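The values are calculated or read from the model by the stated rules, or taken from the named source; none is laboratory data. This structure is a prediction, so every number in the text was calculated from the model and none was measured. Counting neighbours? That spans all protein chains shown, and the Cβs are built from the backbone with ideal geometry, glycine included. Just so you know, the surface numbers come from the protein's heavy atoms only, side chains and all, with ligands and any DNA or RNA stripped out. Shrake-Rupley method; radii C 1.70, N 1.55, O 1.52, S 1.80 Å.
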Amino acid sequence: MEIDDNIKAPELLDLLFAQGSKLLVQELPSIFDGSATTKAEAQDDSKATLAPKISQEESWLSFDEEASILHNKEER
């Protein structure tokens with residue numbers, strides 16, 4: 001699932017909850033009967049991204065920075 005870079009956390013939570021709920025209801029029977037293992041697909045690791053833990057230094061916001069820098073937490 002691709003996520004819009006400008007989505008806000010509450011909207012993302014709603015989206016993931018709705019999609020996850022549908023998928024769970026759809027796939028739960030095959031999980032219970034054991035057939036899910038035959039349909040399982042390996043993850044494409046080339047599409048996975050790492051989300052490292054945010055350090056204490058990174059948690060501070062300087063409102064002297066441009067909004068796009070704060071949004072992306074880039075360093076100058």
Problem - Given [x] 52; [y] 66; [z] 26, the label whose value is percent of Cα pairs over 18 Å apart derived from this model - result: [y]
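Could you work out the helix-only [θ] at 222 nm for the chain, with each DSSP H run of four or more residues adding -39,500 (n - 2.57) and the total divided by the number of residues, to the nearest 500 deg cm²/dmol?
On the way: 3 runs with 35 residues, N = 76.
Theoretical 222 nm ellipticity from helices: -14000 deg cm²/dmol.
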Fill in the blank from the handout: Taking Cα atoms, the helix 9-33 axis meets the longest principal axis of the chain at an angle in degrees (rounded to 10) of 20
Problem - Accessible area in square angstrom per residue, the chain, 1.4 angstrom probe - result: 98
Completion exercise
Filtering chymotrypsin sites (Phe, Trp or Tyr not before Pro) in the stretch 8-69 by DSSP loop and by at most 16 other Cβ atoms within 10 Å leaves TRP60, PHE63
Handout entry: Set of aspartates and glutamates near LYS53 by C-alpha distance (under 18 Å), chain-local residues within fewer than 8 positions excluded
Key = GLU74, GLU75
Handout entry: Charged-residue dipole, Cβ positions (Lys, Arg, Asp, Glu), the chain about Cα centre, Debye nearest 20
Key = 380
Handout entry: Of all accessible heavy-atom area on the chain, the percent that carbon and sulfur account for (1.4 Å)
Key = 57
Exercise for the section: Please name whichever of LEU24, ALA42, ILE69 sits farthest to the positive end of the charge dipole of the chain, dipole taken about the Cα centre and charges placed at Cβ: Lys and Arg +1, Asp and Glu -1. Expected result: LEU24
